[in-house]
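Everything below concerns the one structure shown next.
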Amino acid sequence: MRHGLRELGVTLIEVMTVVVLVGIVSALAVPAWNRVLADMRRRSATNLVVNDIFYTRMLAVRSGRSAVMRFDGGGRCPMGAGARVVSEGYRVVISGPVEHEVKAVSLRATLGKVCLQTNNSDSIAFDSRGLLIPFANRTLWLDGGTGVNDTVSISVVGRVLRR
């Protein structure tokens, strides 16, 4: 049995309707997807910073010398309310007669638009017992550009709380 093209194919109007519907759905999904990606970048940066805080503390205890996580300059990061130091990255250094840089991290190069802010000094230092130097709590905020911040608090004994 022979079928004509009209019976097997689709009309131009049907194709255009499907293309318009796909365009509308994608236009609605893109902003939500961008927000999800920014949240994932911020959370990844928070996990990286928290792991490196633990790493810095472990270096201080294992080496018997103080270890420092130094925050680099702000660069393109805006200064938030209550922040004293704004950074796009940091370096982990073992102190001593000659400083030894162990690790350097650029949050912007690694994870995109992520900024780190703190209300304390431009570094987090641990002594050879794993205690903060000076003996005061620290607070960090990580912003991924969506207006939502992750907060990291470090107690004087080295405990880390993420919110």
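The values are calculated or read from the model by the stated rules, or taken from the named source; none is laboratory data. Not measured: the values here are computed from a predicted model. Don't worry about glycine lacking a Cβ; one is built from the backbone with ideal geometry, like all the others, and counts go over all protein chains shown. Note: areas computed on protein heavy atoms with side chains; ligands, DNA, RNA excluded. Shrake-Rupley method; radii C 1.70, N 1.55, O 1.52, S 1.80 Å.
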Checklist line | the range 99-115: number of residues that are of a type outside the set (Gly, Ala, Ser) and either assigned to a helix (DSSP H, G or I) or at pLDDT below 85 (or both) | finding: 7
Next item on the list: Please specify each residue of the range 119-158 satisfying the condition of being assigned to a strand (DSSP E or B), closer than 17 Å to GLU88 by Cα, touching a residue at least 24 places away in the same chain (Cβ under 8 Å) and open to solvent by less than 30 Å² (accessible area, probe 1.4 Å).
Entry: SER123, ILE124, LEU140, LEU142, ASP150, VAL152
Next item on the list: Confirm whether VAL61 is closer than 17 Å to ILE133 by Cβ, assigned to a strand (DSSP E or B) and either at pLDDT 90 or above or open to solvent by 30 Å² or more (accessible area, probe 1.4 Å) (or both).
Entry: no
Next item on the list: Could you check how many residues of the range 124-159 are hydrophobic (A, V, I, L, M, F, W, C) and under 16 Å from the mean Cα position of the chain (by Cα)?
Entry: 5
Check: How many residues does the range 8-47 contain that are in contact with a helix residue (DSSP H, G or I) (Cβ under 9 Å, 6 or more places away or on another chain) and open to solvent by less than 50 Å² (accessible area, probe 1.4 Å)?
Finding: 2
Checklist line | Candidate set from the range 86-98 (those that are part of a strand (DSSP E or B) and among the small types (Gly, Ala, Ser)); member that is surrounded by the fewest Cβ atoms within 10 Å (Cβ to Cβ) | finding: GLY89
